[in-house]
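Below: one structure, written as structure tokens.
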Amino acid sequence: MRALLRPSLRLLHDENGVALIEGAIISSFMVIVLLGMVELVTYFTTTVKVTEAADGIANIVTIEQGASQQTVDDLGVAIDNFLRPLTGSPPYAVAQVVYLDDGTPSLATADGGWVATRNGMTVDNEELLGLADGLGLPGEALVITRIRFPYSTMLRSAFSNTMPDVIVETAFAKPRSGKPILYQ
């Protein structure tokens, strides 16, 4: 009986290959952590780029003292170039809100909608006016830009509940003069 147990007891005390197995287990966890760090950096970099693009559009529209559909289309080309190497051409919209004599915000367009949109961007006007509420004084104007950038993660299964599928950024800018901007 002892003769039969001796080979199996020897295997229990054999330490050959233990370091290899431990290294394989630890390295797999290290690769997962590294990929997670890369994914988080990519997400935050994308968010910063989209935020800067939204701010840039709002500021350019206020500096240019207006925005026609052609101007917004031209800005879209600039946004696409700015967001590189990120892929896709994000939908965005530019609107002007004017504050009435009683301080309530109102959309400055005749149809009560966005001044200009690109790539099928849609926004709820009531939500827009809610965002603008309290940001200006009577007689002032405000330019609002919204960009919706589709984001896909490399590790969809690991980050599906923590990272959004779309990054939406809204930027506000007041004209330097404080007066409403006249659109062409």
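The values are calculated or read from the model by the stated rules, or taken from the named source; none is laboratory data. What you are looking at is a predicted structure, and each value in this text was computed from that prediction instead of being measured. Counting neighbours? That spans all protein chains shown, and the Cβs are built from the backbone with ideal geometry, glycine included.
Counting just the residues of the stretch 104-131 that are at pLDDT 80 or above and touching an Asp or Glu at 6+ places or on another chain (Cβ under 8 Å), which one comes out nearest to residue 167 (Cα to Cα)? Filtering first and then ranking leaves 105. The residues of the stretch 45-70 that are at pLDDT below 75, in contact with a strand residue (DSSP E or B) (Cβ under 8 Å, 6 or more places away or on another chain) and either loosely packed, with under 15 Cβ neighbours inside 10 Å or farther than 20 Å from residue 132 by Cβ (or both), listed by number, are 68, 69.
Determine which single condition residue 87 fails, assuming it passes every other condition in (1) over 23 Å from the mean Cα position of the chain (by Cα); (2) of a type in the set (S, T, N, Q); (3) farther than 30 Å from residue 140 by Cβ; (4) at pLDDT below 75. In the conditions (1) over 23 Å from the mean Cα position of the chain (by Cα); (2) of a type in the set (S, T, N, Q); (3) farther than 30 Å from residue 140 by Cβ; (4) at pLDDT below 75, residue 87 misses (1) alone. Restricting attention to the stretch 39-64, the residues that are of a type in the set (S, T, N, Q) and farther than 16 Å from residue 147 by Cα add up to 2.
Screening the candidates 73, 101, 14 for the property of being surrounded by fewer than 18 Cβ atoms within 10 Å (Cβ to Cβ), modelled with pLDDT of 75 or more and not hydroxyl-bearing (Ser, Thr, Tyr) yields one hit, 101. Being in a helix (DSSP H, G or I), touching a strand residue (DSSP E or B) at 6+ places or on another chain (Cβ under 6 Å) and modelled with pLDDT of 80 or more, is that true of even one residue in the stretch 24-43? No, that holds for no residue.
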